[in-house]
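Reviewing the structure listed below.
The values are calculated or read from the model by the stated rules, or taken from the named source; none is laboratory data. The model shown is predicted, which means the values in this text are computed figures rather than measured ones. Cβ placement follows ideal geometry from the backbone for every residue including glycine, while neighbour counts extend to all protein chains displayed. The accessibility values were calculated without ligands, DNA or RNA, using every heavy atom of the protein model including side chains. Shrake-Rupley method; radii C 1.70, N 1.55, O 1.52, S 1.80 Å.
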Amino acid sequence: MNPTPPAKLLWLFLLLAFWAFFGLTGRDAWKAEEALALAPILDWLDAAASFWTTPAPLYTLAAGAAIKLNIAGGDIQDGARLVSGLFTCIALTFTGLSARALYGPGFGPAAAIALVGGLGLMLRAHALLPETALLAVWSMLLYGVMAAKSQPRYAMMAIGVPLALLTLGLRGLPDLIAALAIILLPLLSPTWRNRPYRQTALRGVLLGLGLIGLAAAYLSFSGNLSGWLQWHGIGRFNPIRTPASAFSELPWFAWPLWPLALGALWHAHRRLARTPELHQPLLALAVLLLSALVPAWSRDGALLPVLLPLAVLSAYGLDNLRRGAAQALYWFGVLFFAFMIMAFWVYFAAIEWGYPAKLALRMARMTPNYLPGSVAPIAYFPAAVATLIWIIAIPLFPRAKSRPILVWATGMMLVWILIAALFRPWVEAGWAYRPLIADMSRHLPAGACLNTQVDPAMRTMLRLHLKAPERTDCQWTLKLFTHANGQPMPAAASNVIWEGFRPRFKAQVYRLEQHASHSQP
């Protein structure tokens, strides 16, 4: 591929950074996974636990530091979510550097763009999830491995520091084993058993193990070692997901990266042994697929690192993609996103303006507590401008080898801008915890305590939004009632004074009871 001029690289970096940070602030947790990720951050902020004893110490420390530095105006969720945007930028940067180190200057932007175009990245990159840190640190380590021969000084640091961060601050032992496999297995091949790679890899591993040893000594001295081992030791392998469960969503999650990676493999399949630039990303892909059997912190979060070697392979595949296949991928992307964008605007018109009427009625049934007109007029501007720019830019894309992935990357960017700008209030009304808690709090006296018998995600959001003292002997009890178990709430010694649920989770009903046997609030 032709090298990208520095001016265009700067504009590309600014565009990717804008996409990474857009829509991160001013919203509540949309899924229980975000609430669960927030709980250890609150524990550390309240000095109830050391960040070392949380499930993802690196993310806890980074998010907690951002909150303490007040970078989001004091909003805890916004501060933590901005850290996710930073980690996403790091992942995009090092993915581009990895492809550049392997294939040359023109491949770096193509790999970063390909990563943005992956369908599985968008929602997770903009969520309050430790997987964004996992993605960033793995991208740094892969850069170290892939640049070990060409840039040994930087590569040694990019191997050692991420090796320590993966072990100490993320999934622990499973990531350590996976990282050592990616670093050391190439030494079994004569192609990679040369002096530059061998020295860089071994020095990086020694640096990483040294940092891990120092941290382990500190943890033992501070009394946090057992708490750290609980989340990062051998117990991290329990449970192990079955391949059918772990990879069931991979075909759409990694689209369109895996077809491009297959194209790269097919192009070089007759001379694969003599194409060393494919060996490391293929090895990384195999190891990361195996490590995806170890669950991360969200349902499909363990698949995120798999996108990294796929993006690097996609850059190589784009350079060798036949014209017919490139045109097919390009036009499929154009038609797919044209349909998606039209659907977004039609659905927005139904939600906000009531047209078409039948669709508006259906959407109102989905979120009955949503009030049309909740979208601020200023939010129309970025959505309309982004849509117009995309429509104008599509026929103007240069007939370059990166043209197909440009459509998918810009299309995914536009989809996120539309969701964040136009649909945020509607999603909040249907998925978020804040409206439900606000409605419930109106039935509680000021300063009242609360006995919570609810799921961990709801308990975290109550802790954030309500801040009611938790007491087991409290007069007020909030209980979770799940329709699936068929067990009715006992009513003999209690009075249900409020009942509510999130509209998109009607099976989870919360009931507030006032117990007559207690006289204190």
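Computed quantities for the displayed model
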{"item": "Per-peptide average of other Cβ atoms within 10 Å, ordering 175-181, 13-19 highest first", "result": "175-181, 13-19"}
{"item": "For PHE481, distant residues with modelled amide H under 5 Å away", "result": "VAL509, TYR510, ARG511"}
{"item": "For the chain: relative contact order, % (alpha-carbon pairs under 8 angstrom, 6 or more apart)", "result": "16"}
{"item": "Modelled label reach - TRP353, point 7 Å along Cα→Cβ, the range 320-343 residues with backbone N closer than 11 Å", "result": "none"}
{"item": "Sulfur and carbon atoms: percent of accessible area, the chain [1.4 Å]", "result": "68"}
{"item": "Cα pair count fraction exceeding 21 Å, expressed as % - the range 82-180", "result": "33"}
{"item": "Fraction of antiparallel bridges per DSSP, the chain only, in percent to nearest 5", "result": "75"}
{"item": "Angle between the chain longest axis and helix 6-21 axis [Cα atoms, degrees, rounded to 10]", "result": "20"}
{"item": "Whether the range 168-301 is rounded, prolate or oblate, judged on the alpha carbon gyration tensor where a/c under 1.5 counts as rounded", "result": "oblate"}
{"item": "Local net charge near VAL407, Cβ-Cβ under 15 Å (Lys/Arg +1, Asp/Glu -1)", "result": "+3"}
{"item": "Per residue solvent-accessible surface (Å²) - the range 258-416, probe of 1.4 Å", "result": "49"}
{"item": "Long-range tail of P(r) for the range 112-233 (Cα pairs > 18 Å, %)", "result": "56"}
{"item": "Coarse-grained scattering of the range 369-509 at q = 0.18 Å⁻¹, given as base-10 log I(q)/I(0) from a Debye sum over alpha-carbon atoms", "result": "-1.04"}
{"item": "Among (1) 1.05; (2) 0.95; (3) 1.38, the entry derived from the coordinates for Cα Rg over 2.2 N^0.38 Å", "result": "(1)"}
{"item": "Cβ-isolated cysteines (cut-off 4.7 Å), the chain", "result": "CYS89"}
{"item": "Contact order normalised by residue count of the range 212-319, Cα under 8 Å, 6+ apart, percent", "result": "35"}
{"item": "Cleavage-rule hits (trypsin sites (Lys or Arg not before Pro)) in the range 330-438: DSSP loop, at most 14 neighbouring Cβ within 10 angstrom", "result": "ARG399"}
{"item": "Ellipsoid equivalent to the range 6-159 - semi-axes via the Cα gyration tensor, in Å", "result": "30, 18, 12"}
{"item": "Approximate spin-label separation ALA286-LEU185, in nm, with each point projected 7 Å along Cα-to-Cβ", "result": "0.5"}
{"item": "Kirkwood hydrodynamic radius over Cα pairs of the range 81-130, then Stokes diffusion coefficient at 37 °C and 0.692 mPa s, in µm²/s", "result": "293"}
{"item": "Whichever lysines have a C-alpha closer than 25 Å to that of LYS358, once near sequence neighbours (fewer than 8 apart) are set aside", "result": "LYS506"}
{"item": "Listed residues LEU462, THR472, LEU444: farthest to the positive end of the dipole of the range 397-479 (Cβ charges)", "result": "LEU462"}
{"item": "Helix-only mean residue ellipticity at 222 nm for the chain, each DSSP H run of n ≥ 4 adding -39500 (n - 2.57), per residue, nearest 500", "result": "-19500 deg cm²/dmol"}
{"item": "Probe 1.4 Å - accessible area at HIS279, Å² to nearest ten", "result": "50"}
